[in-house]
Amino acid sequence: MDAWFKDTTKVDVAKLGKQYVITDFGVRRDSTVVQTKAIQAVIDRAAQEGGGVVVIPEGTFLTGALFFKQGTHLHVIGRLKGSDRIIDFPYIKTRIEGETCTYFCALVNADGLDGFTISGKGTIDGNGLNYWQEFWIRRKWNPQCTNKDAQRPRLTYVSNSTNVTIQDVHLVNSPFWTNHVYKSNHVRYLDCYIYAPTENIWEPDPTRGAPSSDAIDIDACTDVLINGCYMHVNDDAVVLKGGKGTWADKDETNGDCERILIQNCHYGKVHGCLTLGSESLHDRNVILRNCYTERADRVLWLKMRPDTPQHYEYVLVENITGHCKRFLFIHPWTQFFKPEQRDDMPLSRCNNIVMRNIQVETPTPYDVKTSDKYELVDFTIDGKPLAFAKNPVSKEQLQHMIYE
């Protein structure tokens, strides 16, 4: 990884051009009225006048989907709150769950931009409660319904962009994935607070939380830095994606994830601190380091889809402290998978996975299932090899990790 990853300097908003405070351009201080058109008009005006910073001042402003343009930026002081009506989010060609398809856009959208920035100590609030409850009602009615069936917007979606920084902002209560970045490079998430409730959102079953509220989904991207973020969501935290299906490696809308660095982060309750898959093809040169987990279900989760050719390699996890249920988790992933006949189907593979200086308390350091659909080679913990077979990992291998 090159010198770019060492730069955690925040973007100076004062140097981004004229500031367009939305209330100076006709947006009302009324938290009960959806003002999508009025806020979008401010973004459009800033773009037409050569660019600048769209400022959300103190107060709560309700909106549907917003689309940022080249030279425009978002600075949040107050609260930008999403509408709880899906009609306020256009149904367009987009990317979701490892597929390019027609689906609902996000609250904040940025496509094809260079230098886009989201900043400020304020909050982007997805207002997800009604969406979450509808999801669990639908899932109870039809246990086979997919995540897309529930019709939910994401919070932020950045695509086909470069030199993107999202810093300091609170990103909370997303109806679906919280942050999704696709086919982009040189993207930084700095000191963000990312939250969705993990329980008590649906009275018939208090154990339910905000479904599929992933913190940051990195989809076919290169050069991504996540530094100093807090993540507490009812799904995985940082997820690498790139495509799914038997022929996914032949689809040019899919792609690899490479050179991803996650460091100095604090995890509350999450399903996985770093998850590769399930909608991944090739993930390479990935580092998770200097992080603390309060109560993650898993720290490193390698999801292996039997219907997708996958290759995960050169992954380093080091200097991890805290508590988790399971540290390394590798199982076949068969939720909603659709195997097809392919005579030249590549064998999936995980190789050169390095773990060192792991100081977590966990009852289960390794939960690994082998399969004839994939191979696991060159795993090490503190320089000593781990061999996964039908027999459990030996006590000698376990001694390098603190566990209860």
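Find the strands (runs of 3 or more DSSP E) located wholly in the stretch 21-90 whose residues include 1 or more that are under 22 Å from the mean Cα position of the chain (by Cα) and under 22 Å from residue 154 (Cβ atoms), and list them.
The strands (runs of 3 or more DSSP E) meeting that bar are 66-68, 72-76, 79-82.
If I filter the stretch 365-375 for residues that are small (Gly, Ala, Ser), free of Cβ contacts under 8 Å to residues at least 60 places away in the same chain and out of contact with any helix residue (DSSP H, G or I) (no Cβ under 9 Å at 6 or more places or on another chain), do I get at least one hit?
no
Determine which single condition residue 37 fails, assuming it passes every other condition in (1) within 23 Å of residue 162 (Cβ to Cβ); (2) surrounded by fewer than 15 Cβ atoms within 10 Å (Cβ to Cβ).
The failed condition is (1).
Take the stretch 315-345 and flag every residue that is modelled with pLDDT of 95 or more and closer than 14 Å to residue 280 by Cβ.
The answer is 315, 330.
So is residue 24 acidic (Asp, Glu), out of contact with any Asp or Glu (no Cβ under 8 Å at 6 or more places or on another chain) and either over 19 Å from residue 82 (Cα atoms) or not assigned by TED's automatic domain parsing to the domain that holds residue 229 (or both) or not?
Criteria met by residue 24.
If I ask for residues that are free of Cβ contacts under 8 Å to residues at least 40 places away in the same chain and under 15 Å from residue 310 (Cα atoms), which ones from the stretch 338-350 would you list?
Listed by number, the residues that qualify are 344, 347, 349.
Answer yes or no: is there a residue in the stretch 132-153 that is part of a loop (DSSP other than H, G, I, E, B), touching a Phe, Trp or Tyr at 6+ places or on another chain (Cβ under 9 Å) and hydrophobic (A, V, I, L, M, F, W, C).
For the stretch 132-153, residues part of a loop (DSSP other than H, G, I, E, B), touching a Phe, Trp or Tyr at 6+ places or on another chain (Cβ under 9 Å) and hydrophobic (A, V, I, L, M, F, W, C): present.
For the stretch 131-170: of the residues being touching a Lys or Arg at 6+ places or on another chain (Cβ under 8 Å) and aliphatic (A, V, I, L, M), which is modelled with the lowest pLDDT?
150
Only one of 106, 110 is touching a strand residue (DSSP E or B) at 6+ places or on another chain (Cβ under 8 Å), aliphatic (A, V, I, L, M) and part of a loop (DSSP other than H, G, I, E, B). Can you tell me which?
106
The values are calculated or read from the model by the stated rules, or taken from the named source; none is laboratory data. Bear in mind that the values here come from a model prediction, so they are computed numbers and not experimental data. Cβ: placed from backbone, ideal geometry, glycine included. Neighbour counts: every protein chain shown.
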